[in-house]
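Reviewing the structure listed below.
No lab work stands behind these numbers, since they all come straight from the coordinates. Since the structure is predicted, the reported quantities are computational estimates derived from the model, not experimental observations. Backbone-built Cβ (ideal geometry, glycine too); neighbour counts: all protein chains shown.
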Amino acid sequence: MTSKERVLRAIRFEGPDRVPYNFDSNRVPEIEEKYGEDFEWVFASESKHFIPTEAEPNTRQTEWGVVYRTINTQLGEPCRYPLADLSAVRTFKFPDFSEPERYEKAREQIRRNPDKYILGMFPNFLFMHLLDLVGFENLMVSFVEEEELLEELIGKLTEGCLQVVEKFAQIGVNGMIAIEDLGLQKSLFISPQMWRKFFKPSYEKIIRKVHEAGMQFFIHSCGYIFDLIEDFIEIGTDVLQIDQQDNMGIDRLDEAYGGRICFFCPCDIQTVLPKGDFAEIEERVKKLIGTFGRYGGGFMAKTYPMPASINITEESTKYMCDMFKKWGKYEKK
């Protein structure tokens, strides 16, 4: 069974030979020792026409005009918002994701990995990108006071996402993942009703195009997102990639959604991995596989891509990977 077949069968609850895993691809920084891999992540590059301007020390600017201030060597936060005034959306120059050169590196990765499941990442998605373009406070106000402009901006972002879907499908990508943190520790950033009003139609349009191209749709979302998972399933989301499970509860997630969507997770990055307790890591690995994976599929294992940035040791990450390989068999349907 190839990695690609294994991942597809896990997503479809069709009883692959073992739990698929994503341990090495998309690790930042890349590590010398490899733990095992069924996936290959690919990306759309920045436009070759983009020339960054001089910015302040410890900052970087994107082709969207967002300036990020570096927190450490890996992470940063936005400090300049090009659409802080939403009226600028009507004259704003949006990146063109139909440019073929953006996909040259991805095309080469796909050529080198014919048996892997190719997972293409959207260069931006909707809610999280609005935070970077508009700013948190401005965005929260705009939901109430500038609905028309906000909907126009969401429409433009959706058009860009659809361009990326089309281009990734053309080069042979198997699935696409949106990075879209929608949750705080115990609640969503906005109400489920507001998410459904402003975002759900665009999600549905994007997912429909992903499926029409023969690909699967993955969503990564940190925080407490329990109240949106039913919506995700309704509009066709195939895989839910979450790095925290304990703030929602593994058994509660399984009771509501087990066997209906595939979970793609490491051990909890807040409550388990940072402690470095190997016995607890092994028990959690068994719990994840035994709960979400008891449907002849429905669970896939992964690492957190930047463990050092949140004080997870490489020893804990490696041990988790070893345990996923040790216990990574599905129960029979």
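Name the residue farthest towards the positive end of the dipole of the chain from the options Thr303, Phe127, Trp195, assuming +1 on Cβ of Lys and Arg, -1 on Cβ of Asp and Glu, about the Cα centre. Result: Thr303.
Treat each spin label as a single point 7 Å out from the Cα along the C-beta direction, and report the Ser187 to Lys156 distance in nm. With each label point 7 Å from Cα toward Cβ, the separation is 3.1 nm. When the square roots of the Cα gyration tensor eigenvalues are ordered a ≥ b ≥ c, the ratio a/c for segment 185-247 is 1.5 or more and a/b does not exceed b/c, which makes its shape oblate. Need one word for segment 29-170: rounded, prolate or oblate. Basis is the Cα gyration tensor (sqrt eigenvalues a ≥ b ≥ c); a/c below 1.5 gives rounded, then a/b vs b/c decides. Prolate. Per residue, the average separation of C-alpha pairs within less than 8 Å and at least 6 apart gives segment 153-255 a relative contact order of 32 percent. Summary of the geometry: segment 163-200 and segment 122-138, compared by the centres of their Cα atoms, lie 11 Å apart. Among 159-165, 96-102, sorting by the average number of other beta carbon atoms lying within 10 angstrom of each residue, highest first, gives 159-165, 96-102.
Think of it as helices only: each DSSP H run of n ≥ 4 in the chain is worth -39500 (n - 2.57), and spread over all residues that comes to -11500 deg cm²/dmol at 222 nm. A simple charge model with +1 on the Cβ of Lys and Arg, -1 on the Cβ of Asp and Glu and nothing else charged puts the dipole of the chain at about 1080 debye relative to its Cα centre. For segment 1-87, the relative contact order works out to 15 percent when only alpha carbon pairs closer than 8 Å and six or more residues apart are counted.
For segment 183-333, the relative contact order is 20 percent, taking Cα pairs closer than 8 Å that sit 6 or more residues apart in sequence and dividing their mean separation by the residue count. Helices of the chain meeting both criteria, an alpha-carbon length of 15 angstrom or more along the long axis and an average Kyte-Doolittle score not below -0.5, with helices taken as full DSSP H segments, are 147-171, 278-292.
Shape class of segment 212-333 from the alpha-carbon gyration tensor: prolate, with a/c at 1.5 or above and a/b greater than b/c.
Looking at the chain alone, DSSP beta bridges between its own residues are antiparallel in about 25 percent of cases. Look at where the Cα atoms of segment 273-326 and of segment 206-254 average out, and the two centres are 19 Å apart.
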